[in-house]
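We did not get these values from a lab; they are worked out from the coordinates using the rules stated. The model shown is predicted, which means the values in this text are computed figures rather than measured ones. Using ideal geometry, Cβ is built from the backbone for each residue, glycine included, and neighbour counts are taken over all protein chains shown.
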Amino acid sequence: MTEHKCVLDTCRHLEQKGFSVTYLPVQKNGIIDLETLKEAFTDETLLVSIMAVNNEIGVIQPLREIGALCRERNVFFHTDAAQAVGKIPLDVNEMNIDLLSISGHKMYGPMGIGALYVRRKPRVRLTAQINGGGQERGMRSGTLSPALCVGLGEACALSQEKMSQESARIRYYAHLFCKKIMEELPEVYLNGDSDKRIPGNLNLSFAHVEGEGLMMAIKNLCVSSGSACTSASLEPSYVLRALGVSEELAHTSLRIGIGRFTKKEEVESAAAQIITAVNKLRDMSPLWEMAQAGVDVSSIDWASH
Amino acid sequence: MAYNKKVIDHYENPRNVGSFENGEKNVGTGLVGAPSCGDVMKLQIKVNSQGLITDAKFKTFGCGSAIASSSLVTEKFKGKTLKEAESIAIVILQANLNCPR
Ligand SMILES: Cc1ncc(COP(=O)(O)O)c(C=O)c1O
């Protein structure tokens, strides 16, 4: 279960209204197991919702296969494609996608607008999200902002035009970045499948260095950490937990994004800054010291607090 | 999160990072926290025959404020008696570093 909160929260809401929801696990690589999905269908299954690309680890789910399984069973297939549209080719017909969610600001478009693709054939009937004048085929009444709509459309057009070049460039940068990091630093782990992913989202665990502490050492870089020391809970990311990443390693993870406007020098400089910071913090880490001395840190009976 | 100046200073220029040699005499070691919770602190003190802390060192796995408070505590410990050190309670640390509570 690695869905974004926007889907999880919606599921909770549906459960409160009496629907039953089955939450499926993912494999260690973050990808859904199609056999598990097959077994989860019941006679009552109405809809399957599986995200296209995960926002924390960048893995791509097998949309085509999921779509085929759903269509065979006459079950609707919704995909949260916020992180996928504009980054990977998507075809709602080939992939048998019945509903597809798009978020403007995740594809270099404006904030405040998104879109929901709703298949006409076979027809998906939705209850109105907003009642009123019947705009958007009655599903979402109220006048939309033309500026935002145009912005979203333009963002889509630009993404389509740039997609193949852009993803090749980002893939190359991600390769440079990982190569440099992996060559210079031992015990760094990529979370999520290494192939089935968009290249611009790298989630790395730097063993024995806590993520928040690491972020503070690379103040010039805008990255996020998978640990949640600054948030209300001490729990690390539920996405990493779903992959079976140990809590300890989850606390050492950074999510690094490479995008349309990232320059090669920035990628190189980011790698260099991270390497320096990790080395410095490992020198200060009692866990690194113990690991170097051959102590198995996970074998210690820590008093959790 | 906005850290105050003192935290940033101790984080960026941590004092007394390290470990005493294995087997060194009159050294006491404490290890607290848990990797699964995101912080582990190792604190060592060296105590002379009068019960004075002559040196202190730390290593910490944790966020910026965990590292900064470890650094600060080693500074505060030096020259203190064991009793005095005991009274350097977490409250004092928080007041010094304005840690979020
Ligand atoms: C996978 C995924 N789904 C949904 C969203 C939510 O998009 P929005 O904030 O436009 O509702 C995001 C971004 O936050 C996302 O990454």
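Okay, here's what the table says:
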| quantity | calculated |
| --- | --- |
| Stretchable slack from A:R120 to A:M1, in nm (0.36 nm times residue separation minus alpha-carbon distance) | 39.9 nm |
| Within chain A, percent of DSSP bridges classed antiparallel, to nearest 5 | 70 percent |
| C-alpha long axis of helix A:5-16 to longest principal axis of chain A, angle in ° | 60 degrees |
| Proximal charge balance of A:A242 [Cβ under 13 Å; K/R count +1, D/E count -1] | -3 |
| Nearest 10 degrees, 0 to 90: helix A:264-283 Cα axis against chain A principal axis | 50 degrees |
| Two-site FRET efficiency, A:Q165 against A:N220, from Cβ-Cβ distance with R₀ of 25 Å, rounded to 0.05 | 0.35 |
| Cα-Cα over 29 Å, subset of A:K28/A:K263; A:K196/B:K59; A:K180/B:K76; A:K5/A:K28; A:K106/A:K280; A:K28/A:K162 | A:K28/A:K263; A:K196/B:K59; A:K180/B:K76; A:K106/A:K280; A:K28/A:K162 |
| Prolate/oblate/rounded call for the range B:5-61, Cα gyration tensor, a/c under 1.5 rounded | oblate |
| Cβ-placed point charges (K, R +1; D, E -1), dipole of the protein assembly as shown about Cα centre in debye, nearest 20 | 980 debye |
| Chain A pair-distance distribution - Cα-Cα, 10 Å bins, rounded % | 5, 23, 31, 23, 12, 4, 0, 0 |
| Euclidean distance between Cα centres, the range A:2-34 to the range A:246-305, Å | 30 Å |
| On Cα atoms only, tilt of A:63-72 relative to the major axis of chain A in degrees | 40 degrees |
| Rg/Rh ratio calculated on Cα atoms of chain B (Kirkwood radius) | 0.97 |
| Between the range B:16-84 and the range A:87-128, the alpha-carbon center distance in angstrom | 56 Å |
| Derived scalar couplings ³J(HN,Hα) [the range A:238-248; Karplus, 6.51 cos²θ - 1.76 cosθ + 1.60; whole Hz; x for Gly, Pro] | 5, 5, 5, 4, 5, 7, x, 5, 4, 4, 4 |
| Size of charge dipole - the range A:256-305 - debye, nearest 20, with Cβ of Lys, Arg +1 and Asp, Glu -1, no other charges | 320 debye |
| Gyration tensor verdict on the range A:116-159 (Cα atoms; rounded if a/c is under 1.5, prolate if a/b is larger than b/c, oblate otherwise) | oblate |
| Within straight-line cross-link reach of B:K78, aspartates and glutamates at Cα separation under 13 Å, skipping those fewer than 8 residues along the same chain | B:D55, B:E86 |
| Restricting the range A:1-78 to chymotrypsin sites (Phe, Trp or Tyr not before Pro) in coil, as DSSP defines it, with at most 10 other Cβ within 10 Å | A:Y23 |
| Cα shape, the range A:43-195, gyration tensor, a/c 1.5 rule | oblate |
| Cut-off 14 Å between beta-carbons: net charge of the residues surrounding A:E184, Lys and Arg +1, Asp and Glu -1 | +1 |
| Cβ-based net charge around A:S224, under 15 Å, with every Lys or Arg adding one and every Asp or Glu removing one | +1 |
| Residue-averaged [θ]222 nm for the protein assembly as shown, counting only DSSP H segments that reach four residues, each worth -39500 (n - 2.57) | -11000 deg cm²/dmol |
